[in-house]
Amino acid sequence: MSAKLLELIKDKIRANGPMDLGAYMELCLGHPEHGYYMTRDPFGKDGDFTTAPEVSQLFGEMVGAWLSDLWIKMGSPADVLLVECGPGRGTLMADIMRATKGVPGFHEAVRVYLMEMSPVLRGIQSEKLAIYEPHWIDDLSQLPATSPVLLVGNEFLDALPVRQLVRTNGEWIERGVSIGGDERLCLTDLPVDASLLEGVPKPILTSGEDGTFETSRVLNQFLKSVDILLKKQKGVALFADYGHERSAMGETLQCVKSHKFAGLFDTPGSCDITAHVDFENIANLATADGLAAHGPVTQGAFLKALGIEARAERLWAVANEAQKESISTGLNRLIDTDQMGALFKVLAICHDPSIRPEGFDEVL
Ligand code: SAH
C-alpha cells in the first residue's frame, strides 16, 4: 500500500518539483486510494493510537451533557443539526446519543450529520450509529442551510495538513519535501509564500526569534466555514485536541505507528501524522468573525467541571471488579495532568455572547 503512495509522491515531485509539508501530509492521510485514514481503522490497542472517546464512555457522556445543556440554553430549538467532524469509529457520537436519551425533546430535535472522508470509517460509523439514521457529508456546505447547529470535533483539527515556516538568522524559508541523491524522500528549503508569512501573528513576526512556525490554510479555511455556519444558522462548536493555548514558535508535527513515534518519511500512508493545534489562532479567528470564543481550558478541568468524577463514582458503585478497574483507569487517563488532562485542550465557539457554556472557568 504505502510503497505505491511513496512512488506516487516521488512522481509528483519529479513532475512538479518539491512539495510543501501540507501537501505531503494531505497525501499521506487522505489520498483516495492509499491515504492512511482511507484504508484502515487506526484506533485502539491493536491500532496506532487511542483517542478520548475510545479510552472511556465518560468522555462522550460529558460531551453529550454539555451539548444538550447548550441546546437548552439556545431555547431548545425543535430542529437542530448535531454535526461531528472526523467521527472515527462513531464512539463519541454513540456515547453522546446514549447520554442524552433522557433529555426531554433532544432526540426528537436532532438530526445527526457526520463529516468523514474515510470510506472504511464511514462503514464502521454506519454500523454503530444506524439507529440514529445519520447523514454523511464531505464538507459543511452540504448541511441543510437553515437549522441551528451543535458541532463537535475531537482530534479532528490535528489531522488537518500544516505547513512549516522556518526562520534562521532572521530569514524565512518554508520546509518542503524533495528526493535526495539516495532516491529517498528528504527535507528541503522552499521560498516562502508572502501570503503565508502575513498569517504569522505579529508578536512572532516582530520578535525576530529563530525557530519553526506551523500554520495551516486548510484548518483556517475549515474554521472560517464553521464561523460562517454559526453566524448564519446559530449554534455552537466544541473542539478538543492536543495543542497549545498561545500561538508560539515550535515544531509539533509528529508521526505515530503502533503507539510509537515514527519518522516522517518512514512509511508514507501507513502511519498517522498530526500537529498540535494553536488554540489562540482558533479563538482569534472566531472573535474576528464576531463570535464568542470560550477557552481553551485543559481537558481535565473541562471534564471535572462537568462532573466526570461524580459520574465515574456512580458507574463504579454498580460495576464488577473488571469494570471498576477500567472505569478508574479511563477516568485517570482522561483527566490526570500527566496523561491527557493537561496536554489536551477544549475550546467552544458560540454565536451568542450572552450564552455561558459550562466548563470554561479555568484560567490558563
Ligand atoms: N474523533 C475520533 C477520530 C479522530 S481521528 C476520535 O476521537 O476517536 C481523525 C478523524 O478525522 C478520522 O475519522 C479521519 O478519517 C477524519 N478526517 C481527517 N481529515 C478529514 C477531512 N479533511 N475531512 C473529513 N474527515 C477527516
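Applying the selection to region 63-93, what residues are hydrophobic (A, V, I, L, M, F, W, C), within 28 Å of Gln323 (Cα to Cα) and open to solvent by less than 20 Å² (accessible area, probe 1.4 Å)?
Val63, Trp66, Leu67, Leu92, Met93
Going by the conditions given, is Arg356 surrounded by 15 or more Cβ atoms within 10 Å (Cβ to Cβ) and either touching a residue at least 60 places away in the same chain (Cβ under 8 Å) or over 21 Å from Ser56 (Cβ atoms) (or both)?
Working: surrounded by 15 or more Cβ atoms within 10 Å (Cβ to Cβ): no; either touching a residue at least 60 places away in the same chain (Cβ under 8 Å) or over 21 Å from Ser56 (Cβ atoms) (or both): yes.
So Arg356 does not fit the description; no.
If you take just the strands (runs of 3 or more DSSP E) that sit entirely in region 235-289, which of them hold at least 1 residues that are at positive phi and open to solvent by less than 40 Å² (accessible area, probe 1.4 Å)?
235-244
Which residues, counting only those in region 147-156, are away from the ligand (no atom under 15 Å from the Cβ) and on the phi > 0 side of the Ramachandran plot?
Matches in region 147-156: none.
Can you find a residue that is open to solvent by less than 10 Å² (accessible area, probe 1.4 Å) and either assigned to a loop (DSSP other than H, G, I, E, B) or modelled with pLDDT of 95 or more (or both) anywhere in region 14-21?
Within region 14-21 (the criterion being open to solvent by less than 10 Å² (accessible area, probe 1.4 Å) and either assigned to a loop (DSSP other than H, G, I, E, B) or modelled with pLDDT of 95 or more (or both)), the answer is yes, since at least one residue qualifies.
Residues are listed down the side, and each one gets a yes or a no for (1) modelled with pLDDT of 95 or more; (2) within 16 Å of the ligand (Cβ to nearest atom); (3) within 19 Å of the chain's Cα centre (by Cα); (4) aromatic (Phe, Trp, Tyr):
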{"position": "Gly123", "(1), (2), (3), (4)": "yes, yes, no, no"}
{"position": "Glu127", "(1), (2), (3), (4)": "yes, yes, no, no"}
{"position": "Thr168", "(1), (2), (3), (4)": "yes, no, no, no"}
{"position": "Ile179", "(1), (2), (3), (4)": "yes, no, no, no"}
{"position": "Cys186", "(1), (2), (3), (4)": "yes, no, no, no"}
{"position": "Val200", "(1), (2), (3), (4)": "no, no, no, no"}
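Going through region 41-69 one residue at a time, which ones are more than 17 Å from Asp95 (Cα to Cα) and more than 18 Å from the chain's Cα centre (by Cα)?
Lys45, Asp46, Gly47
For Gly60, all conditions in the list (1) more than 9 Å from the ligand (Cβ to nearest atom); (2) at positive phi; (3) open to solvent by less than 30 Å² (accessible area, probe 1.4 Å) hold save one; what is the number of the exception?
(2)
Name every residue in region 38-57 that is in a loop (DSSP other than H, G, I, E, B), within 12 Å of the ligand (Cβ to nearest atom) and at pLDDT below 95, in order of residue number.
Correct list: Met38, Thr39, Arg40, Asp41, Pro42, Gly44, Gly47, Asp48, Thr50.
Only residues in region 137-150 that are open to solvent by 60 Å² or more (accessible area, probe 1.4 Å) count as the first member; pair them with residues that are within 15 Å of the ligand (Cβ to nearest atom) and at pLDDT 95 or above, Cβ under 8 angstrom, at least 6 apart or cross-chain, and list the lot.
Cβ pairs passing all conditions: Asp138/Met115; Asp138/Met117; Asp139/Met115; Asp139/Ser225; Ser141/Ser225.
Of the conditions (1) closer than 30 Å to Gln299 by Cα; (2) away from the ligand (no atom under 16 Å from the Cβ), Pro144 satisfies every one except a single condition; which number is it?
Every condition holds for Pro144 apart from (1).
Here are some conditions: (1) at pLDDT below 95; (2) under 21 Å from Leu27 (Cα atoms). Glu209 meets all but one. Which one does it not meet?
The number of the failed condition is (2).
Would you mention how many residues in region 293-351 are surrounded by fewer than 19 Cβ atoms within 10 Å (Cβ to Cβ) and outside any helix (DSSP H, G or I)?
8
Glu116 - would you say it is among the charged types (D, E, K, R), within 16 Å of the ligand (Cβ to nearest atom), touching a helix residue (DSSP H, G or I) at 6+ places or on another chain (Cβ under 9 Å) and open to solvent by 40 Å² or more (accessible area, probe 1.4 Å)?
Criteria not met by Glu116.
Any idea which of (1) without any contact (Cβ under 8 Å) to a residue 24 or more places away in the chain; (2) farther than 26 Å from Ala292 by Cα is the one Ala94 doesn't satisfy?
For Ala94, the failing item is (1).
Do the conditions hold for Thr100, that is, is it within 10 Å of the ligand (Cβ to nearest atom), surrounded by 12 or more Cβ atoms within 10 Å (Cβ to Cβ) and of a type in the set (Ser, Thr, Tyr)?
Spelling it out, it is not the case that Thr100 is within 10 Å of the ligand (Cβ to nearest atom), surrounded by 12 or more Cβ atoms within 10 Å (Cβ to Cβ) and of a type in the set (Ser, Thr, Tyr).
Mind counting the residues in region 63-94 that are among the β-branched types (Val, Ile, Thr), part of a strand (DSSP E or B) and either under 20 Å from Thr329 (Cβ atoms) or away from the ligand (no atom under 14 Å from the Cβ) (or both)?
1
The values are calculated or read from the model by the stated rules, or taken from the named source; none is laboratory data. Because the structure is predicted, anything quoted here is derived from the model rather than measured. Ideal geometry is used to build each Cβ from the backbone, glycine not excepted, and the neighbour counts take in all protein chains shown. Please note that ligands, DNA and RNA were not included when accessible areas were found on the heavy atoms of the full protein model with its side chains. Shrake-Rupley method; radii C 1.70, N 1.55, O 1.52, S 1.80 Å.
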